[in-house]
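Only one structure is covered here, and it is reproduced in the block below.
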Amino acid sequence: MEFLTLAFMQRALLAGIAIGLILPFLGVFVSMRRMAFFGDGIAHASLAGIALGIVTGANPFWGALAVGIAFGIGVYALEHKTNLSSDVVIGVLFTSGLALGVVLMSFQHGYQPDLITFLFGNILAISQTDMLVIAGLAAVIFSVLFWYARHFTMIAFDRETAWTSGMNTELLNLLFYILLSVTIVLGVKLLGIILVSALLIIPAAIGKLLAPSFIGLVTLSIIAGEFAIGIGLLISYYLDIPSGSTIILTGSGMLILAVLGRSIVRKIL
Amino acid sequence: MENAIEVTNVAFAYTSSLVVQEVSFCVETGAVTAIIGPNGSGKTTLLKLLLGILKPQKGTISVFGKQPKEARNFIGYVPQKFSFDRTFPLTVWEFLKFSHFECPSQKIEEYLNFFGMAQAKTALVGSLSGGQLQRVLLVRAMIHDPKILYLDEPSAGIDVGGEQTFYELVDRLHKQYKNTIVMVSHELDVVFHFATQVICLNKKLLCEGAPRDVLTPELLEQIFGMGATLYHHASLR
């Protein structure tokens, strides 16, 4: 338990716990709505905001957050105002954001440690301020998700009948996109642009394999997410290997165990 | 008797051609109204206009004196197609509670019993048969005590046995709770025996009235083409 006495590990663990609550929770709805591509899209488009921050000397995190939210609202608006399908809209905005990020970065010469951190994540480099921002935003997002979970579930199940039940499906959809955008950007800080969507998808996949009900699915997904982060951090510390990648590989390992466990239980029963 | 629904000169088009043309009719409170017509006649579009999912480009719709969108608390709706991911672990109980969170659990139990689905409350929605799913959707439509129940081709995709049970349940439901029911249906015999009012639609309103008065062989031929006639539905034998 020596690693728990280190300040940077404490910060990493607290930020990881906060992200482990909201990414898998949102991942359940993302999985229900088959919109995993959205997570990847936000993460990659946020490069434009990160690059803008680096070039202007501002904090890249706030740039990524602004671009992430703009991406979410942009996808929502284009889905509603045009007849373009969701994956086309996301594909266009995702690659445009990425391209803009690359162009902006071309104005900045030399090695960019911030850029590498955002590409692959560095949970161990989380500062006290980062940790407080992540924990604060995660608490707000978790509360909103908890309150609107039933609405998001019904909308994911069948939007028309959710509307006839009296739900404001349009506004709730926009809220969902914004929550997802902010959460992905928070996750980018820890796991990086390339890996963040894995923590959105893997815990929900584990939950779906094992849960007997929706409440069970959300609970199991969050537990799986927290386990992947905790065990992954521990392994990365003792083996001295990259933390973000270890967290994702731990999650993938847990998914394989869940698949095998489910098959064995089904054969026995 | 007070009108539950008043439709006046309603027209709607998805693109340029009108799907619903200058339709006007009223539905009395407590009536069982069937909307019939051939495929593409605008039946489901009209139902979506009544529900407030679509807005008419012309004309007005009033549901108990309110715009359809404002009347959502008064209505229950069973859709024709309920397309969802069947692999998702959502229990029947969660599905009903999430739909109407404010509804007391006792009331949900009461309706599950009424529709013979009490044993299925821990079952996953994705594991239900077509008939069972329709009954759960009926429970869902009824648990907040709606004044109007809309059914869009409610027996589509159910086998004959399931259909029979379904119509018997809807009949019992109407007798016990006295709701106004508006249903889109293809089954003329069911309409003939079950509905108190029929609205014949083929983009325009072709007839409106009691089934015995308006469902003549000539009109059926005009709506559905040659050879259309009433047959004996299994549930009514």
Distance (nanometres) between label positions extended 7 Å along Cα→Cβ at B:K66 and B:S127: 3.8
Can you list the cysteines of the protein assembly as shown that have no other Cys Cβ under 4.7 Å away? B:C26, B:C103
Under 20 Å by backbone N from the virtual spin label 7 Å along Cα-to-Cβ at B:A118, the residues of the stretch B:55-98 are B:92-97
Rel. contact order, % - alpha carbon contacts under 8 angstrom, at least six apart, chain A: 30
Checking understanding here: applying a Kyte-Doolittle mean of at least -0.5 and a length along the axis of at least 24 Å (C-alpha), which whole DSSP H helices in chain A pass? A:7-32, A:36-56, A:60-81, A:86-105, A:128-157, A:169-191, A:214-239, A:243-268
One finds the C-alpha centres of the stretch B:69-134 and the stretch A:130-195 to be spaced, in Å, by 24
Estimated dipole of chain A in Debye, rounded to 20 [Cβ of Lys and Arg +1, of Asp and Glu -1, Cα centre]: 560
If amide H atoms are built 1.01 Å from N in the plane of the peptide, which residues on other chains or at least 5 residues away come under 5 Å of the amide H of B:I199? B:A34, B:I35, B:I36
Explain nothing, just the number: dipole magnitude of the stretch B:3-236 about its Cα centre with +1 on each Lys and Arg Cβ and -1 on each Asp and Glu Cβ, in debye rounded to the nearest 20. 660
Shape of chain A, Cα gyration tensor, a/c cut at 1.5: oblate
Is the shape of the stretch B:55-108 best called rounded, prolate or oblate, per the rule: a/c under 1.5 gives rounded, else a/b larger than b/c gives prolate, else oblate, with a ≥ b ≥ c the square roots of the Cα gyration tensor eigenvalues? oblate
Set of aspartates and glutamates with alpha-carbon distance to A:K208 below 18 Å, sequence-local pairs under 8 removed: A:E226, B:D85, B:E94
Dipole-positive endmost among B:G42, B:P211, B:L90 within the stretch B:3-236 (Cβ charges, Cα centre): B:L90
Give me the net charge for the shell around B:F98: Cβ to Cβ below 12 angstrom, other residues only, Lys and Arg +1, Asp and Glu -1. 0
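Computed from the coordinates by the stated procedures, all read-outs in this text should not be read as laboratory data. Keep in mind the model is a prediction, meaning the values are calculated, not measured. For neighbour counting, all protein chains shown are included, and Cβ atoms are generated from backbone atoms with ideal geometry for every residue, glycine included.
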